[in-house]
Amino acid sequence: QVQLVESGGGLVQPGGSLRVSCAASGTILPFDEMGWYRQAPGKQRELVATINRGGSTNYLASVKGRFTISRDNAKIGVDLQMNSLKPEDTAVYFCNAVLNYRNWWGQGTQVTVSS
């Protein structure tokens, strides 16, 4: 059974950096696509960044230039490096993986940007 486990969330001051990671277990196949989504209180879940098997990336407009997504094929995971964080980046961040049109989600990790 495929499981995604996130790590690396926490509290950071505005302008700071944080890296969240996601590791998959229960599979040896590379996913077609992996990505990060986030959900703030009272808001819908939104796509933050995705990366496909070929390495092509897609970012939410408001995080372009600040966030970088990368895949770790050795561990079948995905990382999100977040720089110049803003209070509006505060949310629960979820890892997502897609393989043959099936979706898997992690349990989420809290990122709070506050002084």
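Leaving out ligands, DNA and RNA, and with a 1.4 Å probe, what % of the accessible surface on the chain is carbon or sulfur? Mind showing how you got there, number by number?
On the way: 2950 of 6100 Å².
Result for the chain: 48 percent of the exposed heavy-atom area is carbon or sulfur.
Compute the Rg/Rh shape ratio of the chain: radius of gyration over Kirkwood radius, all on alpha-carbon atoms.
On the Cα set of the chain, Rg over Rh gives 0.95.
Counting heavy atoms of the protein chains only and a 1.4 Å probe, report the per residue accessible area for the stretch 1-112 as a whole number of Å².
Per residue, the stretch 1-112 has 53 Å² of solvent-accessible surface.
Quick one: if the Förster radius is 30 Å, what FRET efficiency do residue 29 and residue 64 give, using the C-beta to C-beta distance and rounding to 0.05?
0.50
How big is the accessible area of residue 29 in square angstrom, nearest 10, if you roll a 1.4 angstrom probe over the protein chains?
Estimated to the nearest 10 Å², residue 29 gives 90 Å².
Dipole of the chain, Cα-centred, from +1 at each Lys and Arg C-beta and -1 at each Asp and Glu C-beta, to the nearest 20 debye?
Details: 11 positive and 8 negative charges, 18 e Å.
So the magnitude is around 80 debye.
Plugging the Kirkwood radius over Cα pairs into Stokes-Einstein for the stretch 10-50, at a temperature of 20 °C and a viscosity of 1.002 mPa s, what D comes out in µm²/s?
The diffusion coefficient I find is 164 µm²/s.
Tell me, in nm to one decimal, what length is gained between residue 107 and residue 13 on full extension, where the rule is 0.36 nm per residue of separation less the Cα-Cα distance? Before the final figure, lay out the partial values.
On the way: separation 94, 0.36 × 94 = 33.84 nm, distance 2.39 nm.
Taking residue 107 through residue 13 to full extension adds about 31.5 nm, to one decimal.
Between residue 73 and residue 2, what FRET efficiency follows from the Cβ-Cβ distance if R0 is 25 Å, with the result rounded to 0.05? Could the numbers behind the result be given before it?
Numbers: r = 16 Å, r/R0 = 0.63.
After rounding to 0.05, the efficiency reads 0.95.
The values are calculated or read from the model by the stated rules, or taken from the named source; none is laboratory data. These numbers were taken from a predicted model, which means no experiment stands behind them. When we count neighbours, we look across all protein chains shown, and the Cβ atoms used for this are built from the backbone with ideal geometry, even at glycine. Surface areas here come from the heavy atoms of the whole protein model, side chains and all, with no ligands, DNA or RNA. Shrake-Rupley method; radii C 1.70, N 1.55, O 1.52, S 1.80 Å.
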